[in-house]
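These notes concern the structure reproduced below.
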Amino acid sequence: CRLQTSMSILPRELEKLKQRLEAMGHTVQQSLDAAVAVLLNVDVDAARVVCDGDDAINEDRYSLESDVVALIATQQPVAHDVRLLIGILEIASELERMADYAKDIARIAIRQAPHGNPEPPFGLVRMTDHATSMLQKALVAFSNGDAQLAKETVEEDDAVDELCTKLHQKLLERAHSNEAELDQAVRLLPAVHNVERFADRVTNICERVVYIETGEQIEFGG
């Protein structure tokens with residue numbers, strides 16, 4: 001009788017955890033969009049809001065981890081449910097790191113403030129749009145248990161990598177023109193790298209979705 005009670009509770013608890021993870025993912029997506037916007041506009045107050053918001057994302061991750069561990073210990077899940085719970089732990093960790101990238105970009109904006117608005121690196125907004133679109137699709141794939149969508153989403157990382165390479169080249173070309181451009185390139189290059197790493201973490205999330213749904217361990221882009 002006790003085992004039957006556990007089995008009836010688990011699906012509801014899993015759904016709650018999934019919804020919380022999805023909400024966390026949407027918050028992270030908004031954080032990157034906001035971070036790049038404040039970098040281009042040099043809005044120090046808004047940059048500090050992005051930095052402060054990282055604490056809440058960290059708390060979400062640890063809260064999810066605590067509840068997942070408790071569920072594993074008390075409900076004795078099996079097969080797909082075990083993979084889902086482990087996947088939630090790993091995806092939450094990826095999202096927390098992605099939020100750190102957004103916070104780092106916001107900090108770059110604060111350091112940029114004394115130097116005025118930077119000349120927007122060509123393609124940075126487009127690169128950010130690609131990265132956040134990837135995250136959105138990865139979250140849909142997770143929510144719907146869609147391994148195929150996860151695999152298709154990974155393919156979009158090539159566009160992010162291509163834009164990253166072009167942005168690096170453009171910033172380095174500008175850096176050679178004069179000292180002021182060099183200083184700005186030194187500040188902006190890490191921001192470009194952070195967006196690229198954000199997209200790489202989305203690829204990791206997609207790997208987890210495929211594993212949850214199929215049990216297949218795949219490493220994309222190796």
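Here the range 127-165 and the range 21-38 have alpha carbon centers that stand 15 Å from each other.
Please determine, in degrees from 0 to 90 and to the nearest 10, the orientation of helix 79-112 with respect to the longest principal axis defined by the Cα atoms of the chain, where the helix direction is its Cα long axis. Result, in degrees: 20.
For the range 63-95, backbone nitrogen atoms closer than 16 Å to the point 7 Å from Gln217 Cα along Cα-to-C-beta are found at 83-84, 86-87, 90.
Using Cβ point charges alone (K and R +1, D and E -1), the dipole size of the chain about the Cα centre works out to roughly 380 debye. Surface calculation, 1.4 Å probe, protein heavy atoms: Phe220 sits at approximately 50 Å² accessible.
Using a probe of 1.4 Å, the accessible surface attributed to Ser93 totals some 40 Å² when neighbouring protein chains are kept in position. Rolling a 1.4 angstrom probe over the range 101-171 with all protein chains present gives an accessible area of which 48% lies on carbon and sulfur atoms. Say the dipole of the range 47-93 comes from +1 at the beta carbon of Lys and Arg and -1 at that of Asp and Glu; which of Ala92, Gln75, Gly53 then lies farthest toward its positive end? Farthest towards the positive pole: Gln75. Residue order by solvent-accessible surface for Val210, Val78 is Val78, Val210, largest first, with ligands and nucleic acids left out and a 1.4 Å probe. Working from Cα pairs under 8 Å separated by at least six residues, relative contact order for the chain is 26 percent.
Peptides 20-33, 196-209 ranked from most to least packed, by the mean per-residue count of other Cβ atoms within 10 Å: 196-209, 20-33. When the residues Tyr62, Tyr211 are ordered by accessible surface, computed with a 1.4 Å probe over the protein chains alone, the sequence from largest down reads Tyr62, Tyr211. The trypsin sites (Lys or Arg not before Pro) of the range 90-140 include none that meets both criteria, a DSSP state outside H, G, I, E and B (loop) and at most 14 other C-beta atoms within 10 angstrom of the site's C-beta.
The values are calculated or read from the model by the stated rules, or taken from the named source; none is laboratory data. What you are looking at is a predicted structure, and each value in this text was computed from that prediction instead of being measured. Using ideal geometry, Cβ is built from the backbone for each residue, glycine included, and neighbour counts are taken over all protein chains shown. What goes into the accessible areas is simple: the full protein's heavy atoms, side chains included, and nothing from ligands, DNA or RNA. Shrake-Rupley method; radii C 1.70, N 1.55, O 1.52, S 1.80 Å.
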